[in-house]
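In what follows, a structure is listed as structure tokens, so that the remarks can point back to it.
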Amino acid sequence: MRDFQIPGRSPVLAQNGAAATSHPLASSTALRVLEQGGNAVDAAIAASAVLCVVEPHMTGLGGDCFAIVAEPNGALHGYNGSGRAAKGATLDYFLDQGIGEISEDSIHAVTVPGAVKAWETILENHGSWGLDRVLSYAIDYAEEGYGVAPRVATDWESLTEDLSKDEGAAKHYLMDGKAPDCGSLHQAPALARSLRKIAEKGSDAFYKGEIGEEIVSLVQSYGGLLSEDDLIGVSCDAIKPVFASYRGVKVAELPPNGQGIAALALLKILEQFDLKSMAPHGAERHHVQLEAGRLAYAMRDAHIADPDHMKIAVETLISESFASQLASSINLERRNDTLPSMVPSQSDTIYLSVADRDGRAVSFINSVYRGFGARRCTLKSGIMLQNRGSCFVIEPGHANCIDGGKRPLHTIIPAMAFKDGKPWLSFGVMGGAYQAQGHAQVLTNMLDYGMDVQEALDAPRLFWNDAGEVIAERSLSDGVFDMLSSKGHKMKWASMPHGGGQIIEFDRKRGLYWAASDFRKDGQAVGY
């Protein structure tokens, strides 16, 4: 339990339903849906759509989506709503053009948006409401406007220069050339019209007709390869989650092309160490977690890709024997300079979790990747496109090498954890590459140190930057910072926090949900 003399948050306890998102308006939307008789899936997709309006730099209709749905009868369903590269985006094309890297600002980073198809598919399979009713809340906010929240305003302002380079982005997301101030009223009429079309006619209104044609026209005007056939061929695939155990708890992640198995591999490495004997916020614990992370992320960068192109089985990469082998290279006293250094990638993402009175839970994530994605926006329909294709490499023979119709390595990962065969946690941690590390830290905080859901999110975070420095949040103590430096880590204080996160815990003994939302964002947990 937290110290009530220090600023902080308490978990939300509720009997009938709970929701945790990164924005108050999305959380209140999810709660309204639950109170009005909708189920957790209806509420999750309604909240996600609202977030596309009120956190537009983090997510949007032009992005991707992954989800895990746990039904009251114990059935577990995974969904991959990530888009593919254009069919014309072959390796030979890039080699012939002399392109050796797909940068985040390259038009070739634009992949097919998978989110809208995913929303429709998941709702049809598990929802109780139609798409028209679910999207009505987002349409209202887009038409009537909303107050720009503090963290949203801070992030938005930092992206002004890039937004000004594209006519559509400047028109829809800048006001007189500037980002909206905190507390200002922002409307998104073009996005409202697009949402209305989708609400009335389904995902075909997005992938076909005027909106799809405009997306393709915009990409091709910049020299991109996306075609109308690429959009029409979009799919949301039902997939089986992958499990690994940690301290007797089963952890469910989605299989590649997401990085969920990196989180599982990291947990299996950490399981080789007696973390309980280490102080929860001490240098020894953070040192082990950082070293284990370097190993897990090296595995990710070498092997995770579109599953049709992976060369090593997922079961091998998350196995006990492989984890034990990797753990043996960690020196408890000092950073092992011979270990590979990971290449971080940062993204802007929303994660949310919802649970309803029937015991149904949804772990849900949606993203345009970097801040405002590709920073190219359709002029009429107001669709900001993602730049997820920058996660591809141009390296013949590499599992994650770009090719036509292929899905890239993905950083966004929803998760769940199970005790006694039943859902215990529905959770996720935002922040690009940090997400795998965040999943591991949340679970070790709870299972090794007995933290509640809010404490598990609030704990200090450390992660790498592009220079290989360890960036520590300012809540870490000076003494631990210095001790990590003495162990060989190149330490630096963070200017902004690492990601965000949400958790809902099933307390089956008391018949309650415990819900938490990360203080690093504007969001909140709610329940009834």
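Data for the structure
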item: From Leu379, Leu443, residue being touching a Lys or Arg at 6+ places or on another chain (Cβ under 9 Å) and in the same structural domain as Ala190 (by TED's automatic domain parsing); result: Leu379
item: Yes/no for Ala456 being over 19 Å from the mean Cα position of the chain (by Cα) and either in a helix (DSSP H, G or I) or over 16 Å from Ile504 (Cα atoms) (or both); result: no
item: Where Phe364 falls short, out of the listed (1) hydrophobic (A, V, I, L, M, F, W, C); (2) modelled with pLDDT of 95 or more; (3) touching an Asp or Glu at 6+ places or on another chain (Cβ under 9 Å); result: (3)
item: Cβ-Cβ under 6 Å pairs, at least 6 apart or on other chains, the stretch 125-138 side touching a residue at least 40 places away in the same chain (Cβ under 8 Å), far side β-branched (Val, Ile, Thr) and assigned to a helix (DSSP H, G or I); result: His126/Val41; Gly127/Val41; Val134/Ile45; Tyr137/Thr29; Tyr137/Val50; Ala138/Val50; Ala138/Val53
item: Residue count, the stretch 228-249 (criterion: surrounded by 17 or more Cβ atoms within 10 Å (Cβ to Cβ), in contact with a Lys or Arg (Cβ under 9 Å, 6 or more places away or on another chain) and not in a helix (DSSP H, G or I)); result: 5
item: Any hit, the stretch 251-264, residues being of a type in the set (Gly, Ala, Ser), in contact (Cβ under 8 Å) with a residue 60 or more places away in the chain and in a strand (DSSP E or B); result: yes
item: Within the stretch 419-432, considering residues that are crowded, with 24+ Cβ neighbours inside 10 Å and among the hydrophobic types (A, V, I, L, M, F, W, C), the one farthest from Thr59 (Cα to Cα); result: Leu425
item: Sole residue being aliphatic (A, V, I, L, M), under 30 Å from Ser22 (Cα atoms), within 15 Å of the chain's Cα centre (by Cα) and not in a strand (DSSP E or B), chosen from Ile365, Ile412; result: Ile412
item: The stretch 472-491: number of residues that are free of Cβ contacts under 8 Å to residues at least 60 places away in the same chain and of a type in the set (A, V, I, L, M, F, W, C); result: 3
item: Residue that is closer than 23 Å to Ala252 by Cβ, touching a residue at least 12 places away in the same chain (Cβ under 8 Å) and surrounded by fewer than 24 Cβ atoms within 10 Å (Cβ to Cβ), where the choices are Leu91, Leu25, Leu76, Leu13; result: Leu76
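The values are calculated or read from the model by the stated rules, or taken from the named source; none is laboratory data. Note that this is a predicted model, so its numbers are computed, not measured. Here the Cβ is made from the backbone with ideal geometry for all residues, glycine too, and neighbour counts use every protein chain on show.
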